[in-house]
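A quick write-up on the structure given underneath.
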Amino acid sequence: MKDEKENIERKNFPREVINDVLRAGNWMHERETEHLKQYALSLEQYNVLVLLRKLDGEVINMSTIQAGMISEMSNATRLVEKLRVKGYLTREQSQENRRKVEIKITQKGMLLLTDIDKTQKKHEKKVVKNLTSRELQTLSRLLNKMQIEK
């Protein structure tokens, strides 16, 4: 009887893990969304700005932004336009190739990220407060391993 119960539990275990990961992902998304609300930014908009900041003033095109997005479902064109309207980035047609659009973070966008940085570390520590440094490393490694398609 015990062996039969263990077999049933093992058969359902992948589903339980998948559900746990989905719940954790939703929980994390909600925490991040709530934190960024005070800056009138969505998580996706924030990620675009962070990506642009890493380039240290260099221009980037839409396909590079799309490739750097956390969610493949994000509409990069819509996100860029909303950030442009807010004055956080510029979006201009390339002089060399008129079909390409060049995107660059503005000083206003950099200042916003500097402001967010002041609260971001505290927020991140609060979100992962129940995990040790070693557990965080293991979690990151396992989540990355899970995403490798073969």
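A short reminder: the numbers here are calculations on the coordinates, not readings from a lab. Since the structure is predicted, the reported quantities are computational estimates derived from the model, not experimental observations. Virtual Cβ from ideal backbone geometry, glycine too; neighbours counted across all protein chains shown.
Note: relative contact order over the chain, using C-alpha pairs below 8 Å and six or more positions apart, is 18 percent.
Each principal axis of the Cα cloud of the chain was evaluated for its coordinate range; sorted largest first, these ranges are 73, 35, 24 Å. Legend: residue pairs K82/K104; K54/K118; K118/K145; K54/K108, Cα-Cα distance threshold 21 Å; pairs beyond threshold, K118/K145. Spin-label model, S94 to S140: label points 7 Å out along the Cα-to-beta-carbon direction sit 3.3 nm apart.
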